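**Q** The structure under discussion is supplied below as structure tokens; questions concerning it will follow.
The values are calculated or read from the model by the stated rules, or taken from the named source; none is laboratory data. In this text, all values refer to a predicted model and were calculated from it rather than measured experimentally. Counting neighbours? That spans all protein chains shown, and the Cβs are built from the backbone with ideal geometry, glycine included. With ligands, DNA and RNA removed, areas are computed over all heavy atoms of the protein, side chains included. Shrake-Rupley method; radii C 1.70, N 1.55, O 1.52, S 1.80 Å.
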Amino acid sequence: MVGHPGEPSASADGVTLLPLSAAPRALDQAAWAALVRGLADDGLRLRHSVWHHVAFRPAPPRSTFDAELHLIRSGTDERLSLRARLIVDWQPSTAPATPRPARIDATDAWLTRRAGPPAFVPSLQLPIGRRPPTPVLAADLGGDGRVELVVPRTNAAYRPTADGTWLRLTLANHPLKQPDAALLADLDGDGHLDLLVAGRDAGGAYRLGLYRGHEGGLFPDPPRVAFAPAEPLRRVRVLTAGDIDGDGDLDLFVGQHRGPFDGGATPTPLHDADDGPPSYLLRNDGRGGFTDVTADAGLTVKRHRRAQSGSLVDLDDDGDLDLVTVSDFSGVDLFANDGRGRFTDVTQARVDDRALLGAAHALADFDGDGRLDLVATGVRSPTVHRLNGLGLQRPGLDAFTRARTALSGGDRLYLGRRDGRLQRADLAAAGSAWGRSWGVVAFDRENDGDLDLFVARGDHSGRTARDYDTQFWRHDVYFDARPLGQAAAEIALIGRQAHIGSGLSWHGFQPDRLYVRRPDGYRDEAHLWGLGSAADGRTALAFDYDEDGRVDLCVTEAEENRLVLRVWRNVAPPAPWIGVRLLAAPGRPAIGARVALIGPTGRRAAAVVTGDSFLAQHPARVHFGLGDGPPPDAIEVAWPSGKVTRFDRPAPGRYHVAKAP
């Protein structure tokens with residue numbers, strides 16, 4: 001069964017939404033084949049497709065599939081995305097043969113299309129090594145107003161030039177190998193950006209190395225060990241900085257990750273894992289010397305999360321920096337700061353539905369109420385959806401069965417409330433994509449005043465869409481090889497890696513998403529605007545590298561075992577905007593500052609943070625799209641010191657420079 005096109009609806013930027021459910025009709029196989037041939041003759045070419053088996057009924061056998069087809073019309077600039085929920089009734093069969101459909105209902109379908117050149121065009125494509133993922137940082141290294149891309153794995157900084165090319169600069173004379181995480185911040189208070197890297201030295205030892213910054217922004221000196229705990233660091237995934245105690249210097253939170261099968265062990269407990277390497281809160285002495293204050297600060301609770309991202313940020317508007325973390329096999333945790341650097345776990349009281357297979361987060365004011373909101377990315381599993389529908393569970397694991405739906409419920413939005421709560425809100429299409437999400441950024445794609453979302457997606461896409469997710473949730477997630485000894489644990493891990501190495505995909509193929517805010521909610525339009533790569537995305541950043549007032553994108557992608565850095569330049573039609581470039585001063589950091597855009601319609605908030613997205617760092621800049629509204633009345637910058645810089649009647653179309661007082 002297929003439908004005819006219904007009444008279309010069009011947006012101001014040329015995107016048409018067309019339901020395909022009107023006047024359903026039945027087609028036999030020959031008629032269906034003729035319809036497909038006709039579409040091909042009309043110039044439609046398939047770029048890629050996505051299929052997920054989301055529900056199954058045994059008797060009579062019926063399946064539900066979510067399908068996406070992303071198409072291009074040859075010889076034109078038209079792009080189309082077809083999405084459908086397919087109901088498949090299967091032919092009865094008593095033999096173990098390949099199932100054959102008896103009837104397919106494709107009447108729940110809709111098409112989005114756009115004619116016009118892509119809004120995002122390639123600016124840089126750079127191989128940066130092999131898996132695993134690696135950090136990418138964006139910062140003004142030399143303080144000259146130009147933002148460089150810093151890639152510690154290639155030991156390089158890439159500077160955009162006026163002719164559209166990128167100039168490669170050697171980053172450090174003594175680079176650490178295999179960097180897992182990195183941070184750029186003035187940690188010794190001398191006014192220059194320092195570089196903190198978690199990686200291996202020439203002897204193979206895993207270090208947290210601190211490079212002292214110099215005039216010009218590069219790092220000629222050997223790194224010194226910034227912190228060496230009694231239990232050696234293993235896999236640092238989170239480096240975030242902020243002044244936790246108001247003394248004018250930047251302190252650090254260091255979080256570590258552990259994979260689902262490391263050591264042959266499943267996460268413990270499965271739905272609230274607290275069995276990873278320890279995290280640390282480090283207090284700065286003002287000269288870049290760090291002391292472990294984790295216990296004194298009240299952060300021993302949950303310190304063994306399998307951390308993926310985290311930020312020091314003021315989420316309750318009390319003037320000090322709280323700590324929010326996103327972890328694998330547990331989700332979002334929130335710790336409130338008392339202003340003196342002591343934290344209290346307020347997750348249960350302030351965070352709705354915190355459990356998820358967390359990967360990354362973004363902080364932005366999505367509802368325009370002047371308070372920061374949070375988006376956290378994770379996994380939405382079709383296998384869990386099928387298991388729940390069938391009522392299947394492992395005996396004796398009732399708590400995990402109750403939690404697995406939330407744990408694998410996908411990306412989510414939390415709106416910041418006046419009382420400091422993070423209240424779960426509906427992300428609509430932006431939270432409904434099946435599979436694994438990683439880095440996420442909130443930005444105003446076309447400067448209309450509404451924030452859009454870019455999400456890097458994909459998890460070990462192989463040569464086939466056959467899905468390892470089914471094996472994982474039916475068997476592997478429960479398996480614990482530790483009682484069998486270390487050798488057996490290592491064999492078990494190798495066996496699970498072989499599922500991926502044999503060509504299977506984890507969650508099938510998953511293109512990146514660009515969720516555009518529409519009147520009825522968020523809608524994925526990545527393919528329509530020139531994005532939507534089906535490679536495995538990881539790191540994501542959004543910043544205006546060429547200072548033309550349009551926010552560009554930077555993504556790392558894994559293709560087979562090769563990692564590629566891509567920069568996409570935003571070439572959408574110009575629209576009104578305004579921005580702020582924040583300049584730190586010795587002993588007066590910009591990290592942790594809050595920026596407010598004040599206008600006749602209210603107050604919009606932004607913040608300068610680190611540790612957001614996934615293995616990424618954004619420059620100390622804030623960008624606001626203005627749309628068709630009136631010009632702003634003022635911009636206020638609230639610095640970590642408590643002082644405020646105000647711009648009255650600021651002119652649109654430029655970045656206003658705010659220097660820490």
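**Q** What's the Cα-based Rg to Rh of the range 548-661, Rh via Kirkwood?
**A** Answer for the range 548-661: 1.03.
**Q** Looking at the chain, I'd like the Rg to Rh ratio, where Rg is from alpha-carbon atoms and Rh is Kirkwood's inverse mean 1/r.
**A** 0.97
**Q** What number in nm² do you get for the range 1-152 if you take the convex hull of its Cα atoms and divide its surface by four?
**A** 15.4
**Q** Could you calculate, for the range 386-457, the ratio of the Cα radius of gyration to the Kirkwood radius, expressed as Rg to Rh?
**A** 1.09
**Q** Give the peptides 286-299, 170-183 in descending order of average Cβ contacts within 10 Å, highest first.
**A** Listed from highest to lowest mean packing, they are 170-183, 286-299.
**Q** Work out how far the C-alpha atoms of the range 503-605 reach from end to end along every principal axis, then list the three figures in whole Å, largest first.
**A** If we take the Cα atoms of the range 503-605, the spans are 52, 41, 24 Å.
**Q** Would you mind getting the accessible area per residue of the chain, heavy atoms of the protein chains only, 1.4 Å probe, in Å²?
**A** Each residue of the chain exposes 40 Å² on average to a 1.4 Å probe.
**Q** Shifting gears a bit: Check the straight Cα-Cα distances from Lys643 and name the lysines below 17 Å, setting aside those fewer than 8 residues away within the same chain.
**A** Here the lysines satisfying the reach criterion relative to Lys643 are Lys659.
**Q** Tell me the Rg and the Dmax, in Å, that the Cα atoms of the range 127-198 produce.
**A** Looking at the range 127-198, its Cα Rg and Dmax stand at 12.5, 36 Å.
**Q** Further question: Determine, for each peptide in 412-418, 61-67, the mean count of other beta carbons within 10 angstrom over its residues, then list the peptides with the highest first.
**A** Ranking the peptides 412-418, 61-67 by packing returns 412-418, 61-67.
**Q** What number, in nm² with one decimal, is the all-direction average of the projected area of the convex hull of the alpha-carbon atoms of the range 7-48?
**A** 4.5
**Q** Can you give the helix-only mean residue ellipticity at 222 nm for the chain, where every DSSP H stretch with n ≥ 4 adds -39500 (n - 2.57) and the sum goes over all residues, rounded to the nearest 500 deg cm²/dmol?
**A** After summing the helix terms and dividing by residue count, I get -2500 deg cm²/dmol.
**Q** Here's another thing I want to ask about it. Applying a 10 Å radius around every beta-carbon, put 224-231, 277-284, 382-389 in order of their mean neighbour count, most first.
**A** In descending order of packing, they fall as 277-284, 382-389, 224-231.
**Q** Take every Cα pair under 8 Å in the chain that's 6+ residues apart, average their separations, divide by the length, and report that relative contact order as a whole percent.
**A** 13
**Q** Right, another one. Compute the normalised compactness of the range 278-337: alpha-carbon radius of gyration over 2.2 N^0.38 Å, N being the residue count.
**A** The range 278-337 yields a ratio of 1.17.
**Q** Also, I was wondering about something else. Is the C-alpha gyration tensor of the range 116-269 telling us rounded, prolate or oblate? Criteria: a/c under 1.5 is rounded; beyond that, a/b larger than b/c is prolate, otherwise oblate.
**A** oblate
**Q** Further question: Against the 2.2 N^0.38 Å scaling, with N counting residues, where does the range 617-656 land? I'd like the Cα-based Rg ratio to two decimal places.
**A** That works out to 1.32 for the range 617-656.
**Q** While we're looking at this one, here's another question. So, with a 1.4 angstrom probe, what is the percent of accessible area on the chain that is carbon and sulfur?
**A** Carbon with sulfur: 53 percent of the solvent-accessible area.
**Q** List the residues whose amide H sits under 5 Å from the amide H of Arg518, counting only those 5 or more places along or on another chain, with H placed 1.01 Å from N in the peptide plane.
**A** Result for Arg518 returns Arg523.
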